Structures are given as structure tokens and as C-alpha cells.
Amino acid sequence: MFAAYFDCPGGPENLCMKEVMKPDPGEGEVLVKVSASALNRADLLQRRGKYPPPKGASDILGLEAAGSVAGLGPGCSGRWKIGDAVMALLSGGGQAQFVTVPEGLLMPIPKILTSIQAAAIPEAWLTAFQLLHFVGKVQEGERVLIHAGASGVGMAAIQLVRLAKAIPIVTAGTQKKLEATANVGAAAGFNYKNEDFSEKVLEFTQGSGVDIILDCVGASYWEKNLNCLSTDGRWIIYGLLSGGEVHGDLLARLLSKRASIHTSLLRSRDKEYKERLVRAFTEEVLPHFSAGASPRLQPLVDSVYPLHAIAEAHRAMEENKNIGKIVIEIPVC
């Protein structure tokens, strides 16, 4: 089969489409014929040699995929059959023509969605759902500050906050991105490049601040985050785009607000945790992607690249201009 591949860590120019061995499904695994995958920051980090896959996971890029069931390994429960349209949360291997998946990490593709749209769901939406519900325990009426609001996780989080009857507030780097976040339900949005988002958040919340912060930026935001975090607030860190080294009296500031810091990575979680997450998402969220659902949720695709143009897709994400997900279309075998 063909897969996204790089011989050594480095820039996008090291990426290519290469023929590799097709995997065989093991005990309790399903073989999925992949129609589309999607790009995540983790793929960029792995390509640079900074984020190796967990032990036992495929070293092929791709943390999510959509396609159809092509084979069943021994011990499968019978839930899935050949030809079923499915999407999957992966620890790796999605940017290839075939991938094996534990059956509990598969979800049915809603009938109204294409495989391109479905590929934009698993990693981003499950990450946002996990941060809000498994980690942050979001409650109705709470205010949630979402950094990188126009990213795949950000656009999912806005809609999930609304689904939880809470209030999403975002930061983004351009007016175009802020407008896109407003279109999916952001109650307010602030440009971190030309205004102090902490002051704007306090102004919007009439001085009370936000109850939850979803933060993929890290060190450079710590003071502003604490400035606009409410008493007893939860600051959830799931990425370190600006690094992790903090200079200043972080603990005293945190203690003064009785606030808490939570950290979370989804890729390295064990199979049982991921299966529980997928099951909860399938039951509580997936029906809202269907026609007639209220509220209706929608995956947002920024652009689509063929697998042979994987290097161009990486360059596009590194330019940080995408709104929603960058999807990789996989060639038919």
C-alpha cells in the first residue's frame, strides 16, 4: 500500500508517498480501507523528530481516518461488517491506504457526511470533548476561553461548549479567523496579536473572568491566562506551541485564585480510556451531526490535499492560515 513517509526527521521536503507493507488486523482489530485522513500538529512534531508514536503504534503519520471496513481480525464482536462506513481515532497510521484499528475506536460516519468531512472529526472533536467533559467537567452557564479558536480543536470546542449550554470565548490571530469562530457560535473573540486578550475577556465577563481555559499555547500566555481566570477556575493545557518554560511567580498567582492546572495528551492514553471516550462521544455528540439534529454540529474543512502532496499540506499548516482542518485524500488502491 502507499503511505505518507519520511526517511529522516526534518522539514516538509523530507515527506513523500512511499509503498509499504499493508497491515493485518490482530485480535479485536478491524482493517479499514482509508479514503481520507487529516493533518494535526502532532504530525508536524513527529516529522521533526519531536513526538515519536507511542510504543506499539504505527510510525506512519495520521491520528485519524475515515473510510470503510475492509477486514475483521479474530475475536471481533460482530458490531462491524465489511463495507461499513467508519471513522477512527488512531495513535498513528492514518495517512495510508489501509490502517488497523481496535474495534472500540471506530465510529459510524453519519449518513449526511462525506469521508472528507468525517476525516475532520475524530482527533479534533474527541480532543475537544475530552478536554471539556473528561478533564474540565464543564457545566451549563460556565465561560470557556478557547485559544487557537479557528483551529480544528478550537472550532470543535466552540460547538461543543454551545452544546453543553456554556459560553465560548476565543482568541485568534486574524479578523477572518475571528469571523469564522463567530459563525460557529463564539460569543466573543479577541485578536491576540493586537489586543490584550485578558483585559478584553475581563471586560466581556464584567470582571469575573472565565471558568475554563483550553490552552495549546503554553508559556507565553501564563500571566494573561491567570489574569482572566476566575476564582476556582480550571486551566487546561494540551499543547505547548510557545514552549513550556515559565518565568515568574506562577504558583502564588495560581494559589491566590484557588485555581487548578490540568494537563492532557490524548495520543498516549491507553486503549481502555480511548474506548470509553469514543463510546461517550458516539452516544452524546455524534447524533448531532445528523440531518434534523438540534443543535446541528458541523466539521469544518479548510482544504484538501492528495496524499502525494503531503509536503504541501504540512507547509500549509506551518503557515498557520488554516481555518478548521486540513484533510489528506488517500488514493484508491
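Quick notes
- When the Cα positions of Ile146, Ile237, Asn183 are compared along the charge dipole of region 136-263, Asn183 comes out farthest toward the positive end, with charges on each C-beta of Lys, Arg, Asp and Glu.
- The trypsin sites (Lys or Arg not before Pro) of region 123-183 that meet both conditions, a loop assignment by DSSP and at most 12 other Cβ atoms within 10 Å of the site Cβ, are Lys137, Lys165.
- Here Glu245 and Glu272 are evaluated by their C-beta separation; at R0 = 51 Å the FRET efficiency comes out at 0.90.
- Taking a Cβ cut-off of under 12 Å around Gly189, the surrounding Lys, Arg, Asp and Glu residues balance to a net charge of +1, with basic ones at +1 and acidic ones at -1.
- Dipole magnitude (debye, nearest 20) for the chain, charges at Cβ of Lys, Arg, Asp, Glu: 320
- Pairwise FRET efficiency - Glu319 versus Ile82, Cβ, R0 = 41 Å, nearest 0.05: 0.55
- Once the chain from Gln175 to Val332 is taken as fully extended at 0.36 nm per residue, the excess over their C-alpha distance is 52.7 nm.
- Exposure rank, largest accessible area first [His147, His133; 1.4 Å]: His133, His147
- Relative contact order computed over region 136-263 (Cα-Cα under 8 Å; 6+ residues apart), in percent: 21
- Rolling a 1.4 Å probe across all protein chains gives Cys333 an accessible area of roughly 90 Å².
- For the chain, calculated [θ]222 nm from helices alone, where every DSSP H run of n ≥ 4 adds -39500 (n - 2.57): -7000 deg cm²/dmol
- Highest mean first, the peptides 323-329, 294-300 sorted by other C-beta atoms within 10 Å per residue fall in the order 323-329, 294-300.
- Building the convex hull from the alpha-carbon atoms of region 1-130 and averaging its projection over directions returns 7.9 nm².
- Candidates Ala166, Ala219, Trp125 compared by Cα position along the dipole of region 110-225: farthest toward the positive end lies Trp125, with charges placed on Cβ.
- Accessible surface ranking that places the most exposed of His308, His262 first, with a 1.4 angstrom probe: His308, His262
- Charge-dipole axis of region 195-333 as Lys and Arg at +1 and Asp and Glu at -1 on Cβ define it, positive-most pick from Asn320, Pro331, Ala309: Pro331
- Percent RCO, i.e. relative contact order, over the chain, from Cα pairs under 8 Å lying at least 6 residues apart: 19
- Met1 - accessible surface, heavy atoms, 1.4 Å probe, Å² rounded to 10: 30
- Accessible heavy-atom area order of Glu29, Glu245, highest first, probe of 1.4 Å: Glu245, Glu29
- Spin-label pair Lys18/Asp196, simplified geometry with 7 Å Cα→Cβ offset, distance in nm: 5.1
The values are calculated or read from the model by the stated rules, or taken from the named source; none is laboratory data. Here the structure is a predicted model, which is why all the values come from computation and not from measurement. Every residue, glycine among them, receives a Cβ derived from its backbone with ideal geometry; neighbour counts consider all protein chains shown. Ligands, DNA and RNA are excluded from the accessible area calculation, which covers all protein heavy atoms including side chains. Shrake-Rupley method; radii C 1.70, N 1.55, O 1.52, S 1.80 Å.
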